[in-house]
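Trainee: I have a structure I would like to understand better, so I am pasting it below and will then ask my questions one at a time.
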Amino acid sequence: MLSLITGQRLDQVNKQLNIDTLLHPGIKSVLVKGLPGTGKTSLVLELLKVAGGGMYVSTRSSKSKMSEQFPYLKNLFEEGSILEYQADVPKLGFEDLRLGTATDLIGRVLDAAHKSMMPLIVLDSWDALAKRLDETERLRAEQSLVAMVEATDSKLIFVGEYPELTTTDYLVDAVITLRDDEYNGRRLRIAEWNKVRAVEIPRKRQLFTLSGGRFRIFEDLVSTPPAASRHKKFKPTLHNPNYYSTGSEDLDILMGKGVSPGSSVLIELGKTVNRGWFLPFASSIRCNFLVQGSYSVDMPIGTNPDEVKRAISKYVGKTIAESRMRICHFENLPEDPSFVRLDGSSIKKVYEGFSAEVQKFKTAEERPCFMFVSIDFLYYAYGKDDVLWFVLESIRRVRQQKDAIVFRIRAGNEITQQLSDLCDIHLAIDGVEDTPILYSVKPSSQLMHLCIDHFKGYPMIRLTPIV
């Protein structure tokens, strides 16, 4: 039986799709459009999946082929939520009208809608049928279909294959266009809200993916952090003799199983990436080292040391933060076991002070040390040549002692390519349509959506391929 798309079902759409706007009670007719291969069918089938069934009218694919291409629909077909249409049975089914006519379609849709209660009806592809009609006939057919759903509890979804305006655009309540785009030579998928009646859309364009054969629109970078009373101790992803883990299985895989001892990583931040995006990302990696008994020595110039310490302490505890973490700075700050003020009179003094803090830890106990250095301040304070010297010396020391170091730099800096050549791994984080993405420049990778998940009570880096 068809599950109604109200109440609890709408809540499920909120959680699973983030496209519940298309199923809003005030929207009766929707046009999903885009060129072939942009994900239109995946979107409407995902809606059917969440709804628990509906009427799917296909002009190009049979039920068996759809079951093969989208295995997650197989159970719906088998349990009867999506069936072959039977004119004498008041059920919604899979309509195979590849050989039918527009007149057949309208008649059968009207009949099914009359016999069914609040059906979700998908016409895929409407353009394939409508092209058999002249302009007047097409307009009349569309008006009949839209009027039909307005007078009932039905909801109608047209699937169109032409990006240009058609008569359908003007008649329906909502129009969403799917685009297959590029970013630095990598695939980027964009959903554009062209028209929505009576519903506010905070962002006109959003990124989405078809990863795993499922349609998903991406939301914000950071899930809601837990209240202070719900903070939990960070549970590490353990290092092994060959690789240090970042604490994120997704990021480890992207970097080739993790960070090899003695490695250097460059992270290039786009101009739209702010502290609120990057701080929890870096904190998650720091936590994974600290809770395993390793050390962290950072020079996060441009970020308040107190803010960095708070972002760590609440997930590893004050004792670990103060005994195993050092935050180097050049400011007049109150005494704190975690803070170390460096002599900034020259780049060599900075290097000596920074290295001395690492060596104190290494002398006390031979464990891996994770280092994080913000390059931009050093570049503006000391110049290109001095910064390159600092980086070279740091990399040499890290390789000797089998530690790991991350250099952070803003996109557009003249020394970015030189640093990329020096480092073992080059990652980039940027914002596209207010959505965070991450990818590997060296070695090259596809685009990933970046999310910091607090579901377990502490920050976890999650990456989803944009495919």
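Trainee: Does ALA364 meet the test of being among the aliphatic types (A, V, I, L, M) and at pLDDT 95 or above? Don't jump to the end; show me each part of the working.
Mentor: Values: among the aliphatic types (A, V, I, L, M): yes; at pLDDT 95 or above: no.
Criteria not met by ALA364.
Trainee: Please indicate, with yes or no, whether at least one residue in the stretch 327-337 is of a type in the set (Phe, Trp, Tyr) and touching a residue at least 40 places away in the same chain (Cβ under 8 Å).
Mentor: No; the residues of the stretch 327-337 include none that is of a type in the set (Phe, Trp, Tyr) and touching a residue at least 40 places away in the same chain (Cβ under 8 Å).
Trainee: Then there's this: Yes or no: SER263 over 25 Å from GLY457 (Cβ atoms) and among the hydroxyl-bearing types (Ser, Thr, Tyr)?
Mentor: Yes: the conditions hold for SER263.
Trainee: Please indicate, with yes or no, whether at least one residue in the stretch 284-296 is outside any helix (DSSP H, G or I) and closer than 20 Å to PHE390 by Cα.
Mentor: yes
Trainee: Hey, among ARG408, ARG396, which residue is within 29 Å of PHE234 (Cα to Cα) and among the charged types (D, E, K, R)?
Mentor: ARG408
Trainee: Same structure again: Please count how many residues of the stretch 165-186 are farther than 25 Å from HIS449 by Cα and not hydroxyl-bearing (Ser, Thr, Tyr).
Mentor: Residues of the stretch 165-186 farther than 25 Å from HIS449 by Cα: 165-174.
With the extra rule that they be not hydroxyl-bearing (Ser, Thr, Tyr), the set shrinks to 165, 169, 171-174.
Here the count works out to 6.
Trainee: For the stretch 377-389, check the following and say yes or no: at least one residue is assigned to a helix (DSSP H, G or I) and closer than 17 Å to LEU279 by Cβ.
Mentor: There is at least one residue in the stretch 377-389 that is assigned to a helix (DSSP H, G or I) and closer than 17 Å to LEU279 by Cβ.
Trainee: May I pose another question? How many of the residues making up the stretch 331-375 are polar (S, T, N, Q) and in a helix (DSSP H, G or I)?
Mentor: Residues flagged as polar (S, T, N, Q) and in a helix (DSSP H, G or I) within the stretch 331-375 amount to 3.
Trainee: Let me ask you something else. For the stretch 300-307, state whether one or more residues are part of a helix (DSSP H, G or I), at pLDDT below 95 and either touching a strand residue (DSSP E or B) at 6+ places or on another chain (Cβ under 6 Å) or of a type in the set (Gly, Ala, Ser) (or both).
Mentor: Within the stretch 300-307, one or more residues are part of a helix (DSSP H, G or I), at pLDDT below 95 and either touching a strand residue (DSSP E or B) at 6+ places or on another chain (Cβ under 6 Å) or of a type in the set (Gly, Ala, Ser) (or both).
Trainee: Next question. Just to be sure I understand the filter: pairs with C-beta atoms under 6 Å, separated by 6 or more residues or on different chains, first member in the stretch 368-390 and assigned by TED's automatic domain parsing to the domain that holds GLY293, second member outside any helix (DSSP H, G or I) and basic (Lys, Arg). Which pairs pass?
Mentor: As it stands, the answer is SER374/ARG408; ASP376/ARG410, since those pairs meet every condition given.
Trainee: Looking at ASP434, ASP424 in this structure, which one is farther than 27 Å from SER313 by Cα, in the same structural domain as ARG326 (by TED's automatic domain parsing) and crowded, with 17+ Cβ neighbours inside 10 Å?
Mentor: Values: ASP434 fails: crowded, with 17+ Cβ neighbours inside 10 Å.
Being farther than 27 Å from SER313 by Cα, in the same structural domain as ARG326 (by TED's automatic domain parsing) and crowded, with 17+ Cβ neighbours inside 10 Å holds for just one of ASP434, ASP424, which is ASP424.
Trainee: Give the number of residues within the stretch 371-392 that are within 24 Å of TYR244 (Cα to Cα) and surrounded by 16 or more Cβ atoms within 10 Å (Cβ to Cβ). Talk me through it step by step, then tell me what you get.
Mentor: At the first step, the residues of the stretch 371-392 found to be within 24 Å of TYR244 (Cα to Cα) are 371-375, 390-392.
If we keep only those that are surrounded by 16 or more Cβ atoms within 10 Å (Cβ to Cβ) too, we end up with 371-375, 390-391.
Residues that pass the stated criteria total 7.
Trainee: Follow-up. Just for the stretch 246-275: of the residues that are in a loop (DSSP other than H, G, I, E, B) and of a type in the set (Ser, Thr, Tyr), which one is nearest to THR464 (Cα to Cα)?
Mentor: SER248
The values are calculated or read from the model by the stated rules, or taken from the named source; none is laboratory data. Bear in mind that the values here come from a model prediction, so they are computed numbers and not experimental data. When we count neighbours, we look across all protein chains shown, and the Cβ atoms used for this are built from the backbone with ideal geometry, even at glycine.
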